[in-house]
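This is the structure I want to talk about, given as structure tokens.
The values are calculated or read from the model by the stated rules, or taken from the named source; none is laboratory data. What you see is a predicted model; the values in this text were computed from it and never measured. No Cβ is skipped: glycine too gets one built from the backbone with ideal geometry, and neighbour counts run over all protein chains shown.
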Amino acid sequence: MTFIGPVVALIFVVLVAWLLLRNYYPHAVLLVAGLLMLIISYLLGYNLPPLNSSTGAFGLDLFKYIKESFASTNAGVGLMIMAIGGFVAYIDHIGASKALVEVAIKPLNLLKKSPNAAAAAVIPISQILFIAIPSAAGLSLLLMASIFPLLVKLGVSRLSAVSVITASTAIGLGPASAITASASGIVAKAPINYFVEDQLPLFIPLSIVLAITYFFVVRYYHKKEMEDGTLQKESKKEDSKVIAPKIYAFIPVLPILLLIVFSDLNSFLPYSIKLDTTTAMFTSLFIALMLELSRGKGIKNIFDSFKVFWSGMGNIFKTVVTLIIAADIFSQGLISLNFIGGLLEVSQSFGFNAIGISIVMTILIFFASMLMGSGNAAFFSFGPLVPEIAAKFAVKSTSIILPMNFAASMGRTVSPVAGVLIATAEIAGVTSLQIVKRNLIPLFTTLGVMLIYHFI
């Protein structure tokens with residue numbers, strides 16, 4: 001086979017990474033790079049990805065690719081992700097997100113005498129919260145307002161405290177996650193089934209490893225900071241103000257409960273009811289509206305609050321959904337230049353089997369996410385390549401895509417340009433690079449354990 005196409009594709013991958021590191025707008029970078037690769041592929045005589053209906057002119061077909069990507073994405077995973085975004089915005093508006101955090105952090109009070117253990121315990125507790133509140137930046141900022149002052153008061157340094165908070169979003173999972181929605185769509189599996197059957201069995205040991213590793217890292221730096229006098233104990237009081245009743249803590253997890261109850265994961269119901277993620281979000285929204293109405297908020301206020309939901313959907317569309325579409329064009333460009341074939345040829349020449357190429361793809365996603373500062377951008381760019389790779393090696397797509405799924409969010413946690421690190425660093429009074437240095441050992445350790453545990 002000719003390696004001209006794969007080499008050109010690799011050049012584009014490097015160029016895209018360089019542009020993203022220089023803070024170029026990722027949506028535009030991925031879209032333009034994808035279109036240029038399609039043009040080069042056409043000039044080299046490669047087979048282009050098929051269109052549902054061609055315009056009859058290649059120049060116009062380029063824009064038809066964008067149109068069809070918009071149509072397919074918005075009709076499926078795009079609508080699902082927008083509904084999730086709207087629901088997350090609404091539960092934050094009514095105080096349900098904060099109520100859930102307030103309830104979840106109570107176990108930390110049992111660890112007042114062991115600040116290092118308290119810091120490590122934040123990770124598994126917050127990872128569970130991340131399943132219900134799938135916004136890395138949103139959850140981290142909530143934790144900065146609630147858990148961060150508590151950890152600092154217990155004697156944990158500001159840098160260690162913000163470090164474990166960012167680690168709380170290091171393993172992205174749950175049916176409400178954008179990456180989960182994309183991954184489950186790629187492997188043609190219901191999000192709730194992918195979550196329970198594939199993500200959870202791998203998440204549990206990884207979460208334990210991550211917490212244990214952070215315990216030793218925090219303890220090491222605690223001793224070091226005590227010795228050189230840089231640890232400043234602060235007496236900031238935790239803001240315990242709750243803007244919603246504690247009962248509201250169940251609202252963020254309601255969609256997950258509905259998806260589990262009304263799915264083929266159980267058989268205790270005498271009749272069959274199947275609920276998809278988008279419907280579960282709308283159902284949970286109206287239950288939340290009824291609860292707001294029961295508190296005497298007034299019908300006009302309830303109706304006005306709908307704006308928050310629609311605005312949340314719109315924000316997700318202009319950030320995440322459009323990114324999926326741009327990344328889809330980018331991945332089609334890679335496919336058209338036979339990037340997969342070249343990757344497989346090189347891997348096989350090194351004696352790699354399905355496990356070897358899966359490890360390569362997982363590490364590639366991790367570093368792409370680290371460079372881009374976005375787990376979504378990295379995964380959406382390379383995730384669509386998985387079915388063809390799986391078919392070549394006759395293995396299940398889930399066995400390849402699952403570690404890539406987790407590696408995408410892990411890479412974001414050690415990216416100095418990630419929005420979540422920049423936002424939390426500003427509040428903590430440290431730099432994002434300092435957080436990255438503290439996160440490196442735990443995240444690289446967890447990545448290594450994942451590769452060994454999953455593949456060997």
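Just need a number here: residues in the stretch 48-89 that are in a loop (DSSP other than H, G, I, E, B) and not hydroxyl-bearing (Ser, Thr, Tyr). Spell out how you get there, then give the answer.
Filtering the stretch 48-89 for residues in a loop (DSSP other than H, G, I, E, B) gives 48-57, 76.
Retained after the next criterion (residues that are not hydroxyl-bearing (Ser, Thr, Tyr)): 48-52, 56-57, 76.
Selection size over the stretch 48-89: 8.
Sticking with this structure for a sec: If you scan the stretch 123-140, which residues turn out to be hydrophobic (A, V, I, L, M, F, W, C) and crowded, with 18+ Cβ neighbours inside 10 Å? Even if it seems obvious, please write down each step before you answer.
Let us first name the residues in the stretch 123-140 that are hydrophobic (A, V, I, L, M, F, W, C), namely 123, 125, 128-133, 136-137, 139.
Result: Ile123, Ile125, Leu129, Phe130, Ile131, Ala132, Ile133, Ala136, Leu139.
Additional query: Is it true that some residue in the stretch 75-95 is over 20 Å from Gly312 (Cα atoms) and acidic (Asp, Glu)?
No: zero hits.
Same structure again: Could you check, for the stretch 148-155, whether at least one of its residues is surrounded by 24 or more Cβ atoms within 10 Å (Cβ to Cβ) and among the β-branched types (Val, Ile, Thr)?
no
For the stretch 45-62, enumerate the residues that are more than 13 Å from Gly333 (Cα to Cα) and surrounded by fewer than 15 Cβ atoms within 10 Å (Cβ to Cβ). Walk me through how you get there before you give the answer.
Narrowing the stretch 45-62 to residues more than 13 Å from Gly333 (Cα to Cα): 45, 51-61.
Answer for the stretch 45-62, where residues must be more than 13 Å from Gly333 (Cα to Cα) and surrounded by fewer than 15 Cβ atoms within 10 Å (Cβ to Cβ): Gly45, Leu51, Asn52, Ser53, Ser54, Thr55, Gly56, Ala57, Phe58, Gly59, Leu60.
Test of understanding: among Phe87, Phe63, which residue is at pLDDT 90 or above, within 24 Å of Ile324 (Cβ to Cβ) and not hydroxyl-bearing (Ser, Thr, Tyr)?
Values: Phe87 fails: at pLDDT 90 or above.
Testing whether each residue is at pLDDT 90 or above, within 24 Å of Ile324 (Cβ to Cβ) and not hydroxyl-bearing (Ser, Thr, Tyr) leaves just Phe63.
Taking the condition of being touching a Lys or Arg at 6+ places or on another chain (Cβ under 8 Å) and either among the aromatic types (Phe, Trp, Tyr) or within 24 Å of Ser157 (Cβ to Cβ) (or both), how many residues in the stretch 103-133 meet it? Before the answer, list the steps.
Let us first name the residues in the stretch 103-133 that are touching a Lys or Arg at 6+ places or on another chain (Cβ under 8 Å), namely 103, 116, 118.
This time we only want the ones that are either among the aromatic types (Phe, Trp, Tyr) or within 24 Å of Ser157 (Cβ to Cβ) (or both), so: 116, 118.
Residues flagged as touching a Lys or Arg at 6+ places or on another chain (Cβ under 8 Å) and either among the aromatic types (Phe, Trp, Tyr) or within 24 Å of Ser157 (Cβ to Cβ) (or both) within the stretch 103-133 amount to 2.
Could you say whether any residue in the stretch 339-360 is surrounded by 16 or more Cβ atoms within 10 Å (Cβ to Cβ), within 18 Å of Ser168 (Cα to Cα) and either of a type in the set (Ser, Thr, Tyr) or in contact with a Leu (Cβ under 9 Å, 6 or more places away or on another chain) (or both)?
Looking for residues that are surrounded by 16 or more Cβ atoms within 10 Å (Cβ to Cβ), within 18 Å of Ser168 (Cα to Cα) and either of a type in the set (Ser, Thr, Tyr) or in contact with a Leu (Cβ under 9 Å, 6 or more places away or on another chain) (or both), one finds none in the stretch 339-360, hence no.
Let me ask something else about it. Collect the residues in the stretch 265-315 that are under 30 Å from the mean Cα position of the chain (by Cα), aliphatic (A, V, I, L, M) and at pLDDT below 85, keeping them in residue-number order.
Leu265, Ile273, Leu275
Still on this structure, please answer the following. When the residues of the stretch 389-419 are narrowed to those that are closer than 13 Å to Leu443 by Cβ and among the small types (Gly, Ala, Ser), which ends up modelled with the lowest pLDDT?
Ala418
Scanning the stretch 18-35 for residues that are surrounded by fewer than 16 Cβ atoms within 10 Å (Cβ to Cβ) and in a helix (DSSP H, G or I), which turns out modelled with the highest pLDDT? Talk me through it step by step, then tell me what you get.
The first filter runs over the stretch 18-35 and keeps only residues surrounded by fewer than 16 Cβ atoms within 10 Å (Cβ to Cβ), leaving 18, 21-25, 28.
Next, from what is left, pick out any that are in a helix (DSSP H, G or I): 18, 21, 28.
Values: Trp18: 86, Leu21: 74, Ala28: 91.
Filtering first and then ranking leaves Ala28.
Okay, moving on. Take Ile435 and decide whether it is closer than 14 Å to Ile165 by Cα, among the aliphatic types (A, V, I, L, M) and buried (at least 24 other Cβ atoms within 10 Å of the Cβ).
On the way: closer than 14 Å to Ile165 by Cα: yes; among the aliphatic types (A, V, I, L, M): yes; buried (at least 24 other Cβ atoms within 10 Å of the Cβ): yes.
Considered against the rule, which asks whether it is closer than 14 Å to Ile165 by Cα, among the aliphatic types (A, V, I, L, M) and buried (at least 24 other Cβ atoms within 10 Å of the Cβ), Ile435 comes out as yes.
Something else: Under 30 Å from Ala137 (Cβ atoms), at pLDDT below 85, surrounded by fewer than 21 Cβ atoms within 10 Å (Cβ to Cβ) and not hydroxyl-bearing (Ser, Thr, Tyr): does that describe Ile324?
Details: under 30 Å from Ala137 (Cβ atoms): yes; at pLDDT below 85: yes; surrounded by fewer than 21 Cβ atoms within 10 Å (Cβ to Cβ): no; not hydroxyl-bearing (Ser, Thr, Tyr): yes.
No; evaluated as a whole, the condition is false for this residue.
Quick check on this structure: which one of Val417, Val449 is in contact (Cβ under 8 Å) with a residue 12 or more places away in the chain and either surrounded by 17 or more Cβ atoms within 10 Å (Cβ to Cβ) or not β-branched (Val, Ile, Thr) (or both)? Can you show your working first?
Numbers: Val449 fails: either surrounded by 17 or more Cβ atoms within 10 Å (Cβ to Cβ) or not β-branched (Val, Ile, Thr) (or both).
Every option except Val417 fails the conditions.
A further question on this structure: Run Gly383 past the list (1) among the small types (Gly, Ala, Ser); (2) buried (at least 21 other Cβ atoms within 10 Å of the Cβ); (3) within 14 Å of Ala167 (Cα to Cα) and report the number of the one that doesn't hold.
(3)
Something else now. Checking Ser369 against (1) buried (at least 22 other Cβ atoms within 10 Å of the Cβ); (2) more than 22 Å from Ala188 (Cα to Cα); (3) touching a Leu at 6+ places or on another chain (Cβ under 9 Å): exactly one of these is not met. Which one?
With (1) buried (at least 22 other Cβ atoms within 10 Å of the Cβ); (2) more than 22 Å from Ala188 (Cα to Cα); (3) touching a Leu at 6+ places or on another chain (Cβ under 9 Å) applied to Ser369, the lone miss is (3).
In the set Ala120, Ala96, Ala132, which member is more than 14 Å from Pro252 (Cβ to Cβ) and hydrophobic (A, V, I, L, M, F, W, C)?
Ala120 is the lone residue from the list that is more than 14 Å from Pro252 (Cβ to Cβ) and hydrophobic (A, V, I, L, M, F, W, C).
Determine, yes or no, whether Lys318 is assigned to a helix (DSSP H, G or I), loosely packed, with under 15 Cβ neighbours inside 10 Å and either modelled with pLDDT under 90 or of a type in the set (S, T, N, Q) (or both). Give the derivation first.
Working: assigned to a helix (DSSP H, G or I): yes; loosely packed, with under 15 Cβ neighbours inside 10 Å: yes; either modelled with pLDDT under 90 or of a type in the set (S, T, N, Q) (or both): yes.
In short, yes.
Within the stretch 167-178, is even one residue over 16 Å from the mean Cα position of the chain (by Cα) and in contact (Cβ under 8 Å) with a residue 40 or more places away in the chain? Spell out the reasoning first.
So in the stretch 167-178, the residues over 16 Å from the mean Cα position of the chain (by Cα) come out as none.
Looking for residues that are over 16 Å from the mean Cα position of the chain (by Cα) and in contact (Cβ under 8 Å) with a residue 40 or more places away in the chain, one finds none in the stretch 167-178, hence no.
Of the residues that sit in the stretch 98-122 and are surrounded by 24 or more Cβ atoms within 10 Å (Cβ to Cβ) and touching a residue at least 40 places away in the same chain (Cβ under 8 Å), which one is nearest to Gly312 (Cα to Cα)? Working first, answer last.
Start the filter on the stretch 98-122 by keeping residues that are surrounded by 24 or more Cβ atoms within 10 Å (Cβ to Cβ), which leaves 100, 118-120, 122.
Cutting the leftovers down to touching a residue at least 40 places away in the same chain (Cβ under 8 Å) gives us 100, 119-120, 122.
Working: Leu100: 20, Ala119: 32, Ala120: 32, Val122: 27 Å.
Looking at residues that are surrounded by 24 or more Cβ atoms within 10 Å (Cβ to Cβ) and touching a residue at least 40 places away in the same chain (Cβ under 8 Å), I get Leu100.
Residues in the stretch 156-190 that are surrounded by 24 or more Cβ atoms within 10 Å (Cβ to Cβ) and farther than 22 Å from Arg412 by Cα: how many?
Matching residues across the stretch 156-190 total 2.
Considering every residue within the stretch 380-398, establish whether at least one is within 17 Å of Ala136 (Cβ to Cβ), outside any loop (DSSP other than H, G, I, E, B) and touching a residue at least 40 places away in the same chain (Cβ under 8 Å).
Here is the first cut: in the stretch 380-398, the ones within 17 Å of Ala136 (Cβ to Cβ) are 380.
If we keep only those that are outside any loop (DSSP other than H, G, I, E, B) too, we end up with 380.
Those still in the list that are touching a residue at least 40 places away in the same chain (Cβ under 8 Å) too: 380.
Looking through the stretch 380-398, at least one residue is within 17 Å of Ala136 (Cβ to Cβ), outside any loop (DSSP other than H, G, I, E, B) and touching a residue at least 40 places away in the same chain (Cβ under 8 Å).
For the stretch 415-430, name all the residues that are more than 22 Å from Tyr24 (Cβ to Cβ) and part of a loop (DSSP other than H, G, I, E, B).
If the condition is that a residue be more than 22 Å from Tyr24 (Cβ to Cβ) and part of a loop (DSSP other than H, G, I, E, B), then Gly429, Val430 are the ones that fit.
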